[in-house]
Amino acid sequence: MSQLNMKIRKIAIVGGGTAGWLAANHLGLESTKRRGLEITVIESKDIPIIGVGEGTVSIIRKSLENFGINEAELLLRCDTTFKTGIKFIDWMAPKKNRKNNFFYHPFDTPYPSGLDSTNYWLWNKSCEFSALTKSYFVAEKNQCPKLRESSPYDGAVNYAYHFDAKKFADLLSDNAKRRFGIIHKIKTIISANLGENGFIKSLNYGDGEVEEFDFFIDCSGFNALLIDKVFDVPFINKGDQILADQALALQVKTESSDEIFPYTKATAHQAGWIWDIPLTTRRGTGFVYSSAHMSEQEAVAEFARYHGAGFREENVRKIPMKAGYREKFWVKNCVALGLAQGFIEPLEATSIVITDRCAELISHLLPEYLKDIDLRAKQINLRVQTIWERVIDFVQLHYLISDRRDSTFWHDCTENAKVSGVLSERLLMWKSFAPDHYDFSAEVEFFHRESFLCVLYGMDYPTLSLENTEEYMVFLKSKIDTHFKDAEALVGKLISHRQWLNEFYAYAANKQ
Ligand SMILES: Cc1cc2nc3c(=O)[nH]c(=O)nc-3n(C[C@H](O)[C@H](O)[C@H](O)COP(=O)(O)OP(=O)(O)OC[C@H]3O[C@@H](n4cnc5c(N)ncnc54)[C@H](O)[C@@H]3O)c2cc1C
């Protein structure tokens with residue numbers, strides 16, 4: 001029978017990093033509904049996973065719950081902490097009347113008492129914009145977003161996780177094998193053989209074995225083994241919009257008595273920013289910078305200043321980053337996910353979420369027969385391209401609207417930056433009106449109105465306030481006053497992030 005008339009049964013996932021195992025769980029879940037799928041994850045023992053990628057966004061909870069992973073297991077196995085959002089520090093120039101040079105992008109919505117009060121806020125700006133969310137208060141007090149009695153995957157405010165990337169991949173792997181019967185092979189793939197119409201037919205392993213599959217998911221990281229080396233799909237370089245192209249990463253041990261902040265810290269510096277992610281036993285930190293604006297030597301020196309005593313350059317990992325994505329993520333019987341699909345610097349922790357969404361998408365849309373792939377692929381490729389473009393817009397926004405001008409980097413990010421037509425138009429429009437739900441398309445945009453509001457107004461973007469009636473303004477003010485009271489009451493009920501985790505560990509130990 002022609003290869004194209006065959007049913008898709010045997011699926012190879014090339015790569016056992018976060019992307020590979022996320023894909024394995026999504027496809028595994030699908031295999032509980034679809035008859036006959038056989039899924040194999042192949043990874044090389046000689047090519048380690050990248051091992052960074054410790055910050056997530058809140059929709060990861062939905063996937064983990066769908067996979068059947070117990071939240072307690074995630075907490076116990078991956079040094080996991082809770083993340084209520086990102087605290088951006090020094091992204092604006094210091095100013096006399098700028099009391100705090102920080103703002104939050106929380107997962108919580110900035111609608112006090114459930115009501116959109118943006119226009120009232122624009123009119124009097126009496127508090128920091130992110131203080132319109134409850135998360136702001138939880139974060140400022142280093143509290144846990146969950147109550148003692150919160151159910152798994154549920155919190156008093158919205159949250160995601162920080163975790164150890166390697167341990168997380170292991171957790172996903174164990175779950176995929178145990179729950180969905182995913183096959184796991186440790187083999188190095190040397191090359192692939194093409195069959196009819198240029199579809200991939202089989203993989204050549206380093207030990208001489210050749211194995212046939214019907215469909216291939218390329219999760220081979222920056223190696224991009226199939227999407228690049230077999231199909232030669234062009235990489236759309238976004239280095240002219242996202243200037244940071246290098247990262248220095250360093251893990252720092254912490255004490256069990258240290259407070260744990262429930263957010264990622266993103267502190268801007270003269271040529272990029274520093275991430276600081278607290279786990280239960282250590283912090284993951286990273287110095288992201290543009291090599292066109294700062295030498296490696298200067299970057300290391302700056303990073304050393306951030307860490308102070310105890311900093312050792314030999315413990316620092318140096319990771320080059322290329323901003324951009326593959327022109328197509330689905331070609332014939334191959335789909336690329338994770339770093340093989342694309343990457344932009346980790347400012348908004350966008351990589352795992354894009355992978356998660358695309359893995360879910362491909363699991364749902366995988367056709368029954370190979371011959372039906374082309375139309376599906378064409379349609380989905382367009383969508384995924386839009387996902388990337390809008391994510392790039394959102395990450396770039398943080399640099400673009402800054403008023404920092406203390407280095408050529410900040411001049412290049414602001415006055416000299418290349419900006420997409422969509423973002424330029426939106427920014428122009430948002431001078432006269434605050435972002436509206438109708439400005440966004442839920443299907444292809446991960447960052448919606450709430451996220452844009454927090455970044456725009458955290459960074460003093462000048463939008464005119466509309467003239468509301470006096471009665472409506474009074475009403476909005478009463479809602480904001482209620483919000484502050486509710487936030488205070490909530491903070492009174494929550495306990496510190498460290499205490500919550502310690503109590504949880506003690507409870508888990510007692511149960512064993
Ligand atoms: C500096 C930095 C910071 C980041 N921070 C974040 C963050 O905070 N949040 C976030 O969401 N994302 C972040 N990311 C991205 C995140 O690390 C990745 O999305 C995630 O780790 C997934 O990687 P991956 O599985 O695609 O690739 P990898 O982890 O590199 O895995 C590749 C796999 O492919 C296998 N492989 C490769 N070649 C072969 C071969 N020839 N034969 C067999 N197997 C092969 C390897 O053995 C490995 O198992 C960050 C990335 C970087 C660079």
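Hey, which of these cross-link pairs are over 28 Å Cα-Cα: 141/511; 87/125; 87/229?
Result: 141/511; 87/229 exceed 28 Å.
Structure shown: which of 177/493; 238/378; 83/187 lie over 28 Å apart, alpha-carbon to alpha-carbon?
177/493; 83/187
For the charge dipole of the chain, defined by +1 on Lys and Arg C-beta atoms and -1 on Asp and Glu C-beta atoms about the Cα centroid, which residue among 94, 446, 289 has the Cα displaced farthest towards the positive pole?
446
If r is the Cβ-Cβ distance from residue 229 to residue 207 and R0 is 25 Å, what FRET efficiency results, to the nearest 0.05?
Here the calculated transfer efficiency is 0.80.
Over the chain, what relative contact order in percent results from Cα pairs under 8 Å that are six or more residues apart?
23
Applying 1/(1 + (r/R0)^6) with R0 = 25 Å to the Cβ-Cβ distance of residue 194 and residue 369, what FRET efficiency is obtained, to the nearest 0.05?
0.85
Rank these by accessible area, largest first, 1.4 Å probe: 353, 419.
Per-residue accessible area, sorted high to low, gives 419, 353.
Set Lys and Arg Cβ to +1 and Asp and Glu Cβ to -1, take the dipole of the chain about its Cα centre, and tell me which of 315, 32, 131 lies farthest positive.
Result: 32, furthest along the dipole toward the positive end.
Determine, for each peptide in 13-19, 222-228, the mean count of other beta carbons within 10 angstrom over its residues, then list the peptides with the highest first.
13-19, 222-228
So the label point goes 7 Å from the Cα of residue 407 along Cα→C-beta, right? Which residues of region 277-311 then have their backbone N under 17 Å from it?
286-308
Of all accessible surface on the chain at a 1.4 Å probe, what whole percent is carbon and sulfur?
With neighbouring chains kept in place, the figure for the chain is 51 percent.
What are the trypsin sites (Lys or Arg not before Pro) within region 347-448 that DSSP puts in a loop, where the Cβ has at most 13 other Cβ atoms within 10 Å?
Here the sparse-neighbourhood loop sites are 405, 418.
Treat every Asp and Glu Cβ in region 22-126 as -1 and every Lys and Arg Cβ as +1, leave all other atoms uncharged, and give the resulting dipole magnitude about the Cα centre to the nearest 20 debye.
Computed about the Cα centre, the dipole is about 620 debye.
Quick check for me: using +1 on Lys/Arg Cβ and -1 on Asp/Glu Cβ, what's the dipole size of the chain about its Cα centre, in debye to the nearest 20?
Here the size comes out at about 740 debye.
Within region 146-168, name every residue whose backbone N is under 19 Å away from a label modeled 7 Å from Cα of residue 489 along the Cβ vector.
Backbone N within reach: 146-150, 155-158.
In nanometres, what is the gap between the two model label sites at residue 417 and residue 378, each 7 Å from Cα along Cα-to-Cβ?
For residue 417 paired with residue 378, the spin-label model returns 3.6 nm.
Residue farthest toward the positive end of the dipole of the chain, with Cβ of Lys/Arg at +1 and Asp/Glu at -1: which of 121, 413, 334?
334
For residue 477, go through the aspartates and glutamates and keep the ones whose alpha-carbon is under 19 Å away, minus same-chain ones fewer than eight residues off.
Those aspartates and glutamates meeting the cut-off are 116, 128, 467, 486, 488.
Give me the accessible area per residue for the chain, probe 1.4 Å, as a whole number in Å².
That works out to 43 Å² per residue.
Return the whole-Å distance between the Cα centroid of region 357-397 and the Cα centroid of region 452-512.
About 34 Å separates the Cα centre of region 357-397 from the one of region 452-512.
The values are calculated or read from the model by the stated rules, or taken from the named source; none is laboratory data. Keep in mind the model is a prediction, meaning the values are calculated, not measured. Virtual Cβ from ideal backbone geometry, glycine too; neighbours counted across all protein chains shown. What goes into the accessible areas is simple: the full protein's heavy atoms, side chains included, and nothing from ligands, DNA or RNA. Shrake-Rupley method; radii C 1.70, N 1.55, O 1.52, S 1.80 Å.
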